[in-house]
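Working notes for the structure below.
The values are calculated or read from the model by the stated rules, or taken from the named source; none is laboratory data. As the structure is a computational prediction, the values presented were derived from the model and not from experiment. Positions of Cβ are generated from backbone atoms using ideal geometry, with glycine treated the same way; all protein chains shown enter the neighbour counts. Calculation scope for accessible area: heavy atoms of the full protein, side chains included, ligands and nucleic acids excluded. Shrake-Rupley method; radii C 1.70, N 1.55, O 1.52, S 1.80 Å.
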Amino acid sequence: MQIRLFNTMSRKVEEFKPLVPGKMGFYSCGPTVYWDQHLGNMRTFLNNDILKRMFLANGYDVNHVMNFTDVGHLTSDEDTGDDKMEKGAARENMSVWEVAKKYINNCVADMNELNIIPPTVTPRATDHIKEQIELIQKLEKLGYTYEIPGDGIYYDTAKLPTYGELGGQNLSELRGGARIENNNKRNITDFALWKFSPTDTKRQMEWDSPWGVGFPGWHLECSAMSMKYLGDHFDIHTGGQEHIKVHHTNEIAQSEPIVGKPWVSYWVHWAWLVLKDGKMSKSSGSFWTVRTLIEKGYDPMAYRYLVTLGHYRQPVEFSFESLDAAANGYKNIVRRVADIIANKSGELDGAVYDTWHDKLLAPTSDNLKTAETLVVFQELLRDNSVNNATKIALVEFVDRLLGLMFVEHAEKLVAAESEVAPAEIVALAEKRTAAKAAKDWATADALRAEIDAAGWVLTDTPTGPKLTKKA
């Protein structure tokens, strides 16, 4: 099936043509592991997963590389500010290495909760200092670097005529200032490749280099690690839209002089998860994680479903009201799938399966229009001409494509509904029925709470109370 994606570099939707037939290699910018990843970060990881699943569904062999930035780099894109890892270590009274381990583990756990397929390779920046130094040396030989004494080794963006092409920047305006924060950068767009360690403080993360003890600039690791694991040229590079004008622009600048142009065939960028009053952030008190949702009683699949209802190039506004709506929509689909599983009939109809398979895959293959795939999916569930055995196989395909775990949740629901409540729970339900008949609402409520605490859900139906084991 034809695959189409919006390429940030060309600013248009293009047909995907792999460098190697049947294979797709992509690099996605991973987290800086000094703190937990909020739901906005998780939208990025979910979009990477949907992209990967779409290619897998189309029969591609996918090599996905996602880095963990565990090197302490400075908080600003302009190579200023505090070291994020050092700040995290001070905040938690840990070493930077302990902080990195903690938040890598937390990130992986949250990705697992969202049913995200693990990347093929998850390299850590601290394990690739050698490769980063070698990349600087190559740029140095080509004449793209200069040293600012006492500060570091910088990339001279004036040497690259196409600098800023990805973000469409007006470089004549950007380069109007020559001195930035008194550090004598030649151009405002120049960026650090290697920063020297300060003489007045001791850093936990620093390494020897041909230029002196220090640490790499944060743009460097992605170029070095993507080249190591994907080669000098690869298919797709993804990341949040905030990376377009600085981080990814700088990756291109430090890579293409070495490997040639184009370094990456397709640049795919994800829009943000937003709130009514802006982006999710720690400072605003709106820093919500996957664990926040679980603690509030939400199934993480409700959040995945919410993301899938949107389009990756458009912001998704998050609120707990929108999450509630998504959760209800998700539960309704699980209920319908559970009914199909409980009433399985017929044999798999290959011709019908193939027709619906292509109808379901086509929208997601066309620039990841997952919401349109879900519309087709709802049509499938309502189509009485498709037998249940074929429907179940198609739901399993949708689960592979979108990762929403409909079948697994539906099977748990079927199992819970088929389990017979023990006598003591039935007795509590009968007492509640009697209390309701006597209009003793306080006792009825207390008995419902007791039933709930025992792991059973009591639902009032026209034929009497129904007891279901919690899934």
Roughly speaking, what % of Cα-Cα pairs in the range 117-254 are separated by over 25 Å, rounded to a whole number?
-> 29 percent
Counting only protein heavy atoms with a 1.4 Å probe and every protein chain in place, the carbon and sulfur fraction of the accessible surface of the chain in whole percent equals 50 percent
Net lengthening on full extension, residue 287/residue 4 (0.36 nm per residue, minus Cα-Cα) = 98.5 nm
Pull up the cross-link candidates among the aspartates and glutamates for residue 52, meaning alpha carbon to alpha carbon under 19 Å and not fewer than 8 places away within one chain.
-> 14, 15, 61, 110, 113, 235, 358, 366, 372, 396, 399
List 365, 345, ordered by accessible area with a 1.4 Å probe, largest first = 345, 365
Roughly how many Å² is the accessible area per residue of the chain, as a whole number, for a 1.4 Å probe?
-> 45 Å²
Extension gain, residue 127 back to residue 460 (0.36 nm per residue minus Cα-Cα distance, nm) = 114.0 nm
What value, in deg cm²/dmol to 500, does the helix sum -39500 (n - 2.57) over DSSP H runs of n ≥ 4 give at 222 nm once divided by the residues of the chain?
-> -14000 deg cm²/dmol
Quick one: length gained pulling residue 449 to residue 258 fully straight, 0.36 nm per residue minus the C-alpha distance?
-> 62.1 nm
Tilt of helix 220-230 relative to the longest C-alpha principal axis of the chain, in degrees (0 to 90, nearest 10)?
-> 70 degrees
424, 131, ranked by accessible area, largest first (probe 1.4 Å) = 424, 131
Close Lys-Lys pairs in the range 298-417, where close means Cα under 14 Å and separation is 8 or more or interchain | 4
Quick one: divide the alpha-carbon radius of gyration of the range 420-469 by 2.2 N^0.38 Å and tell me what you get.
-> 1.02
Computed accessible area, residue 457, all protein chains, 1.4 angstrom probe, square angstrom = 60 Å²
Match the structure shown to one of the listed values (i) 50, 28, 17; (ii) 40, 28, 20; (iii) 73, 23, 16 of semi-axes √(5λ) of the Cα gyration tensor in Å, computed from it, and give that label.
-> (i)
For residue 228, which aspartates and glutamates qualify as cross-link partners when the Cα separation must be under 15 Å and same-chain residues fewer than eight apart are set aside?
-> 127, 131, 134, 251, 256
Of all DSSP beta bridges located in the chain, what percent are antiparallel, nearest 5?
-> 55 percent
Compute the distance in nm between two label points, each set 7 Å from the Cα along the Cα-to-Cβ direction, one at residue 470 and one at residue 56.
-> 3.1 nm
Please give the helix 96-113 orientation as an angle from the longest Cα principal axis of the chain, in degrees from 0 to 90, rounded to the nearest 10.
-> 40 degrees
With all protein chains present and a 1.4 Å probe, how do 459, 8 order by accessible area, largest first?
-> 459, 8
Among the aspartates and glutamates, which have Cα under 13 Å from the Cα of residue 202 when same-chain residues fewer than 8 positions away are ignored?
-> 83, 86
Could you work out the Kirkwood radius for the range 1-150, taking every pair of different alpha carbons, averaging 1/r and inverting it, reported in Å?
-> 17.9 Å
